[in-house]
Amino acid sequence: MRFVLRRTGFFLLTLWVALTLNFVLPRLMPGNPALAIIGKFKGGISPQAVKVLEAQFGVGTHQNVLAQYFSYLGNTATFKFGVSLTTQPGASVGRIVLDAVPWTLGLVGVTTVLAFILGTGIGILAAWRRGGALDGLMPPIFVIMTVIPYFWIGLVLILVFGVKLKLLPYFFTYNFSMTPGFNLAFIGNVAEHAILPAFTLLITTIGIWILTMRNTMITTLAEDYVRMARAKGLPGHRIMLDYAARNAILPNLTGFAMSLGFVVGGAILIEEVFNYQGVGYLLLQAVGNDDYPLMQALFLLITVAVLLAILISDVATAILDPRTRGAG
Amino acid sequence: MATVQTPPGPGEAGGGTETAQAEALAPVASAGQPTGLPLGGGGGITGARSLRRMGRAITSNRKATVGTALLVLFILVGLFPGVIAHDNPQAEIYPRSLSPSTQHWLGTTSFGQDIFAQVVWGTRPVLLIAFGVGLLATVVAMMIGVAAAYLGGGWDGTLNVITDVLLVIPLFPLLIIIGSYLHGAGTAVMIAVIAATSWSYTARQLRAQALSLRNRDFLNAAKVRGERPLYIICMEIIPTMTSLLVAAFLTNALYAVLFSSSLQFIGLGDPNVTSWGTMLYWAENNEAFQTGLPLWIIVPGLCIVALGAGFALLNYAFDEIGNPALRPVRSMRRARVQRAR
């Protein structure tokens, strides 16, 4: 299939660009960042780590840039991301990242699915009851909801439910006094800690689904086949779901496939605000500690997740909607 | 993702990515996608005419009025902060952690700075970033998008691939990475970095618009007249894009406000610049909530929301004007009645 091949080619190209950005950016900056760290942690970095830095940032090696570049590409291709410098000194970057991924997948993944289902449903209703209270109120409210910084909503929720009402925990993924294990008490505790960050994410992302579903649905409702269905005297809910919504949902579905890619890197600030031990929190820790190897690996992970989701959503669209195949 | 309303540009590849990504990157823009105000086919006058139409729209559409009012308010505050707040926002001269009073409307920080003065003076850098990025990103996008469409061939292919790649690389993580190498980005650097990474979505829209014009008579007429390419691009093609450019400016400005505030909040801005994002950074690091200073966090956040809402409402209003199907039903009915008379 030529279409799939082309998309895969694009995928590889973008991956290469992301890798190259990782390699080039620190070298473009005024003053080599790696030199700055080595100076900052004089003697505090293991010789092994210094070696990693040399390879990754081109300090103190006699290799030319091109040779450095290829050894960097080779290392990445074989999943050698080096060791963490400062966040967990000496620990393998791959290990640290893998520990953080499940937390993010759980929190953001579940919330993304929930936001999609709820948002699409509300969007369908809003378009169906055109001119009703829901329809009139929703768009302006949700336009405003989408401009609120995620992290600030999180902060306000912390103030209301955490600090003032003392209803919900807002720090870390579980209570420090508990030992992680597969038992009801621990799982309940984890769920409790996820409520506030999940709710933050939900109210900030749901608006997009409502808005796009409503807007496409409105266009679909004007189609002749909907009028035909009405003329046949079909019950309202059947027209709404089987005729209008079914045809209007395609953009939302591809958007959903895309948004799954943003699950890994999409809640950086929410994780930061709630000190939730996921990928985003880790990224900001790496940034705060100048832990460049960890930072680069996380950026790569986030990019790859997005790219994969795009690839999947492209192929899915091509399968679901034959019209797009001709364009590709 | 207003795919349905978008006339597919000829030669658009991979419809899936383009629209889906647009969705993910620019939720508000997707409401404000090719606004396609009825542009007519004319050349130079279209720009002025659609600008005038926008002026009329601002006064007749409630969302546009509110959006404009918010923007004007913040611009005034940003221009004359000294008139409103007499305190030096940085000076740590007051008792620490005061509650709101007539002297200090919003209280003081745990460093002894006046919070109201910080909010007022913090408006200017935010506006500079919003307008700076809005303009810069839109201009870059315009040059690349129009050049790709006009030059065609290999140029088009190359520019297109660059645009597409930038479009799918996750922007905010990229900005975080760049910010961390930079160690404290001031206003100018912030503008440059955000603009340099966020032009791609607009470029794609403008390229599609320019492509759709390629075989229109007024362009052929200009070519037959023997006009130079630069003249054709500046005087014939770009004026037809006025509404798209305005929408792009608003979207880019909105995202600049959100991105820069977020970067400043996590400490990647210049901590010595008084700005809403840096206020939030200092407030969170000093546990403003736990120490009874909620206003230190709430007010700068509300300002970000209000400014962002100004941009978003304007954008949304222009979209409604361009696409009557989205208008609230009641006003549509009223318009029909008026027309009937």
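Odds and ends about this structure:
- Taking all pairs of distinct alpha-carbon atoms in region A:141-218, Kirkwood radius in angstrom: 14.3 Å
- J(HN,Hα) series, region A:225-240, from Karplus relation 6.51 cos²θ - 1.76 cosθ + 1.60, nearest Hz, glycine and proline x: 5, 6, 4, 4, 4, 5, 5, 6, x, 5, x, x, 5, 6, 4, 4
- Sites B:Arg216 and B:Trp105 - FRET efficiency at Förster radius 60 Å, r taken between beta-carbons, to 0.05: 0.60
- Where Rh is the Kirkwood radius over Cα pairs, Rg/Rh for region B:44-203: 1.10
- Cα-derived Rg to Rh of region B:121-182, Kirkwood definition: 1.11
- Whole-percent P(r), region A:201-328, all Cα pairs, 10 Å bins from 0: 11, 28, 27, 18, 10, 4, 1.
- Counting, for every residue in A:208-218, the Cβ atoms of other protein chains within 10 Å of its Cβ and taking the mean gives 5.
- Look at the dipole of region A:212-328 built from charges on Cβ: of A:Gly233, A:Gly280, A:Ile310, the Cα furthest out on the positive end belongs to A:Gly233.
- Distant-in-sequence amide H partners of B:Gly269 (H built 1.01 Å from N, under 5 Å): B:Ala185, B:Gln264
- For region B:265-318, alpha-carbon Rg relative to the globular expectation (2.2 N^0.38 Å, N residues): 1.34
- Euclidean distance of C-alpha centroids, region B:105-176 and region A:256-328, integer Å: 20 Å
- Normalised by the number of residues in chain A, the average gap of Cα pairs under 8 Å and 6 or more apart makes the relative contact order 25 percent.
- In this label model, A:Phe199 and A:Phe171 are separated by 1.9 nm, measuring between points 7 Å along each Cα→Cβ vector.
- Contour excess over end-to-end distance, with Cα ends at A:Ser71 and A:Ile187 and 0.36 nm allotted per residue: 37.4 nm
- Stokes-Einstein D in µm²/s, Kirkwood radius over Cα pairs - region A:162-275 at 4 °C with 1.567 mPa s viscosity: 74 µm²/s
- Kirkwood Rh, angstrom, region A:59-189 [1 / mean 1/r, Cα pairs]: 20.3 Å
- More than 16 angstrom apart: percent of Cα pairs within region A:257-328: 57 percent
- Highest to lowest packing among B:208-217, A:182-191, A:283-292, scored as the average C-beta count within 10 Å: A:283-292, B:208-217, A:182-191
- Partner shielding of A:20-26 amounts to 2, given as the average count of beta-carbon atoms from other chains within 10 Å of each residue beta-carbon.
- Computed E for B:Ser60/A:Asp224 - FRET, C-beta separation, R0 30 angstrom, nearest 0.05: 0.40
- Residue-averaged beta-carbon neighbours from other chains (10 angstrom radius) around B:179-187: 4
- Given charges at beta-carbon only (K, R positive; D, E negative), |dipole| of region A:200-328 in Debye: 900 debye
- Charge sum, other residues only, whose C-beta stays under 14 Å from B:Thr108's C-beta, Lys/Arg counted +1 and Asp/Glu -1: -2
- Between helix A:292-320 and chain A: long-axis angle, C-alpha atoms, 0 to 90°, nearest 10: 30 degrees
- Size-normalised alpha-carbon gyration radius of chain A, reference 2.2 N^0.38 Å: 1.21
No lab work stands behind these numbers, since they all come straight from the coordinates. Owing to the predicted nature of the structure, the values given are computational and were not obtained by experimental measurement. We place every Cβ from the backbone using ideal geometry, glycine too, and count neighbours over all the protein chains shown.
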